[in-house]
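Peer 1: One structure is given below, represented as structure tokens, and several questions about it will come after.
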Amino acid sequence: MANAKQLEKSSLSDLSKVSARLGSNPFFVQAAGGNTSIKEKDTLWIKASGKHLSDASQTNVFVPVDLAQVHRDIGAGADSYRSLYTNGLRPSIETTLHALIPHRVVLHTHPVSVIAQSLIPGSRNHLSALLKGVSWAWIPYQRPGQPLTRAIDEVLKTTASCDVLVLANHGLVVGGDTCETAEALHHEICARLDIKPRPLATADRDYLNRARAAIPHSRLPDNRVTHSLATDAWSLKLAQCNPPYPDHVVFCGTRPLVIRDLDSFAEEAERFERVWGYKASYALFPSRGVVLLESASRSTDAMLQAQAEVFLRVSPDSNVSLLTDGQCSELMNWEAEKYRKSLESVSA
């Protein structure tokens, strides 16, 4: 009979495989976003902050935390990432969320179609029809960490059974007894909530190559869909507003640098830094495309691709729920997110 350590190792192996599959799909997870966990007796194994789920099969991305301690932190209103460290790694900033949910396996992702569905005010009723027969709950936007955990706690207190959480302006959480059942449920929900994107407009590659040559240390995005942030009229309009979900704020900032005349780039870039207090990591050239700037990390590229995919799934001229100035500022100045971003800048 297998002993406890062998069972734990097998469970972590299963979680690593599921995590790598989810993390390698940019329609589900982008860069260091998302997190997964498994509960083994008194221990919660959860992805470490700043680690990439896509790397879970090649390297250890999980840390063990004392489940009872996390529940004490929840009761005290403290974020567990502040006090629980293992081998220099911080547990995910959403450790309390994973501990609170009763399922043994919890998968939290950022599927682009689920996010797009959640951005439309009043979409809760629409989702009820799409998710008929599923035990699910809608969670209004709250900052990740304790605020989101408290919001989920309030919902779970009034819900007899809940296997799926749709987080407004954020993503998806599913729970299951095994990695296999949780992954199957995740894919079922994503299939039910899938939205087909609008067709892509063609980027002006010649112009973008000239821009890249003229702007030191710049480069073009890895995926052509990112250019739709500048070539799709509705996406361009949305891209110039506050971001709709947290990870874009953390890795891309609150606004794009918009350049209509390449000759004015230096002047506009300086003005942007004066106004917003940080250097722009990317520039939108309306009707032309997108250029990544010197400060762009690999997460910047991934998050812009995700934003493009989300916006292509939001109907033109819809009433869209975006983060407020206060919510953006809270994320930009949160120490936990600064830490996560600092890890990305080192590994980029």
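Peer 1: What ³J(HN,Hα) values, in whole Hz, does the Karplus curve 6.51 cos²θ - 1.76 cosθ + 1.60 give for the stretch 197-204 when θ = phi - 60°, with x put for Gly and Pro?
Peer 2: x, 5, x, 7, 7, 7, 6, 8
Peer 1: If packing is taken as the average count of other Cβ atoms within 10 Å, what order do 17-28, 251-262 fall into, highest mean first? If you can, show how the numbers build up before the last one.
Peer 2: Details: 17-28: 20.3, 251-262: 18.8.
Highest to lowest by the protection proxy: 17-28, 251-262.
Peer 1: Find which of 321, 189, 160 sits farthest along the positive direction of the dipole of the chain, computed with +1 on the beta-carbon of Lys and Arg, -1 on that of Asp and Glu, about the Cα centre.
Peer 2: Selected residue: 189.
Peer 1: OK, next. Taking the DSSP beta bridges in the stretch 165-301 as the whole, what percent of them are antiparallel, to the nearest 5? Let's see the in-between values first.
Peer 2: On the way: 8 of 10 bridges.
Once the DSSP bridges in the stretch 165-301 are tallied, antiparallel ones form about 80 percent.
Peer 1: Distance between Cα centroids, the stretch 131-161 to the stretch 267-309: provide it in whole Å.
Peer 2: Cα centroid of the stretch 131-161 versus Cα centroid of the stretch 267-309: 34 Å apart.
Peer 1: Same structure again: Please list, by residue number, everything in the stretch 198-241 whose backbone N is under 15 Å from a paramagnetic label point 7 Å out along Cα→Cβ of residue 263.
Peer 2: none
Peer 1: Also, quick follow-up: In the structure shown, do any of 47/279; 237/279; 39/132; 132/196; 9/51 have a Cα-Cα gap over 27 Å, and if so which? Intermediate values should be presented prior to the final figure.
Peer 2: Numbers: 47/279 30 Å; 237/279 21 Å; 39/132 29 Å; 132/196 20 Å; 9/51 19 Å.
Check vs 27 Å cut-off fails for 47/279; 39/132.
Peer 1: Over all pairs of distinct alpha carbons, what does the Kirkwood formula give as the hydrodynamic radius of the stretch 4-192, in Å?
Peer 2: Working: mean 1/r = 0.0608 Å⁻¹.
Roughly 16.4 Å, rounded to one decimal.
Peer 1: For a protection proxy built on the mean count of beta-carbon atoms within 10 angstrom, sort 194-200, 178-184, 141-147 highest first, please. Could the numbers behind the result be given before it?
Peer 2: Numbers: 194-200: 13.9, 178-184: 17.7, 141-147: 19.6.
Order by mean packing, descending: 141-147, 178-184, 194-200.
Peer 1: Let me ask something else about it. Can you compute the modelled spin-label distance between residue 72 and residue 160, with each label point 7 Å from Cα toward Cβ, in nm?
Peer 2: Using points 7 Å along Cα→Cβ, the separation is 3.5 nm.
Peer 1: So, one more: Run the dipole for the stretch 4-192 about the Cα centre, Lys and Arg Cβ at +1, Asp and Glu Cβ at -1, nothing else charged, and hand back the magnitude in debye, nearest 20. Could the numbers behind the result be given before it?
Peer 2: Values: 18 positive and 16 negative charges, 41 e Å.
So the dipole magnitude of the stretch 4-192 works out to roughly 200 debye.
Peer 1: Could you check what % of the DSSP bridge pairs in the stretch 54-184 are antiparallel, to the nearest 5?
Peer 2: Working: 10 of 14 bridges.
So the antiparallel bridges amount to about 70 percent of the total.
Peer 1: Continuing with the same structure: Taking θ = phi - 60°, what integer Hz values does the Karplus form 6.51 cos²θ - 1.76 cosθ + 1.60 yield along the stretch 123-130, in sequence order, with x for Gly and Pro?
Peer 2: The phi angles translate into 5, 4, 5, 5, 5, 4, 6, 5 Hz.
Read-outs: derived from the displayed coordinates by stated rules, not from any lab. Model, not experiment: these values are computed from the prediction. Reconstructed Cβ throughout: ideal geometry from the backbone, glycine too, with neighbour counts over all protein chains shown.
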